[in-house]
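Asker: Below are the structure tokens for one structure; questions will follow.
The values are calculated or read from the model by the stated rules, or taken from the named source; none is laboratory data. As the structure is a prediction and not an experimental result, all values here were calculated from the model. Backbone-built Cβ (ideal geometry, glycine too); neighbour counts: all protein chains shown.
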Amino acid sequence: MEFEIIRLSVKDIPFVVEIEKKCFSSPWSERSFKVSFNCRTAFWFGAVSGGMLIGFCGAYIVPPEGEIINIAVDPQFRRKGVGEAMLQKMLDSCCEIAHIWFLDVRESNVAAQALYKKTGFNVAAKRRDYYSEPPEDAFVMKLDLNNRRLYDADPFI
Ligand SMILES: CC(C)(COP(=O)(O)OP(=O)(O)OC[C@H]1O[C@@H](n2cnc3c(N)ncnc32)[C@H](O)[C@@H]1OP(=O)(O)O)[C@@H](O)C(=O)NCCC(=O)NCCS
């Protein structure tokens, strides 16, 4: 499947919201995306195939750190490398200003954890009862681009 990764802007938010609703039990509202897209520390990328948005990835950058705040791929386009391509684009585009990256992920979200581990993230900590709807612990995952070890077998650092 062919797709390209583009920088997203406010006009893309309605399409982002459609994907968000398909992917999360407590999705961000359109208003939340508007606030984030207008934040000067936020970066948003999307994947486009056949003129359609099929995924998105957002991060906040406060040098030298970056935080992945959201990533999702439309269910019908998963396992085709879209999530990995968006995440890698984010890391590559911001590597001059951010080399230490963090993210939170549900303990049960093995698909996302596998993506993050493939990209070089490792589990750094656990936050008890971090999520609601449904309640769940979070893994905090960390990637230091200056010390990246891909496919690390040991998830704990
Ligand atoms: C997590 C998500 C973004 C992955 O997107 P994707 O486009 O399907 O991922 P990719 O095809 O790029 O996969 C890259 C790697 O991630 C891992 N991976 C992705 N989905 C996986 C799954 N269901 N099971 C196991 N590993 C998986 C694999 O290592 C994969 O590499 P491989 O295909 O060579 O084995 C997607 O499943 C999604 O949108 N989930 C719902 C939203 C979500 O949970 N977001 C994360 C919030 S923290």
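Asker: Could you give every pair whose Cβ atoms fall below 7 Å, whose first residue belongs to segment 68-80 and is over 23 Å from V140 (Cα atoms), and whose second residue is within 7 Å of the ligand (Cβ to nearest atom) and at pLDDT 95 or above, counting only separations of at least 6 or pairs across chains?
Answerer: D74/G55; F77/G55
Asker: Output the residue which, of all residues in segment 49-88 that are surrounded by fewer than 19 Cβ atoms within 10 Å (Cβ to Cβ) and charged (D, E, K, R), is farthest from the ligand (Cβ to nearest atom).
Answerer: E65
Asker: Here's a follow-up. Using the structure shown, decide if R7 is loosely packed, with under 13 Cβ neighbours inside 10 Å, out of contact with any Ser or Thr (no Cβ under 6 Å at 6 or more places or on another chain) and not polar (S, T, N, Q).
Answerer: yes
Asker: Right, another one. Tell me which residues, restricted to segment 112-129, are in contact (Cβ under 8 Å) with a residue 24 or more places away in the chain, within 11 Å of the ligand (Cβ to nearest atom) and not β-branched (V, I, T). It would help to see each step written out before you state the result.
Answerer: Of segment 112-129, the ones in contact (Cβ under 8 Å) with a residue 24 or more places away in the chain are 112-113, 115-120, 122-124.
Subsequent filtering for residues that are within 11 Å of the ligand (Cβ to nearest atom) retains 112-113, 115-119.
Matches in segment 112-129: A112, Q113, L115, Y116, K117, K118.
Asker: Being of a type in the set (V, I, T), over 20 Å from F45 (Cα atoms) and surrounded by 17 or more Cβ atoms within 10 Å (Cβ to Cβ) is the filter here; which residues of segment 93-137 pass it?
Answerer: So in segment 93-137, the residues of a type in the set (V, I, T) come out as 97, 100, 105, 110, 119, 123.
Pick out the ones that are also over 20 Å from F45 (Cα atoms) and you get 110, 123.
The answer is V123, and nothing else.
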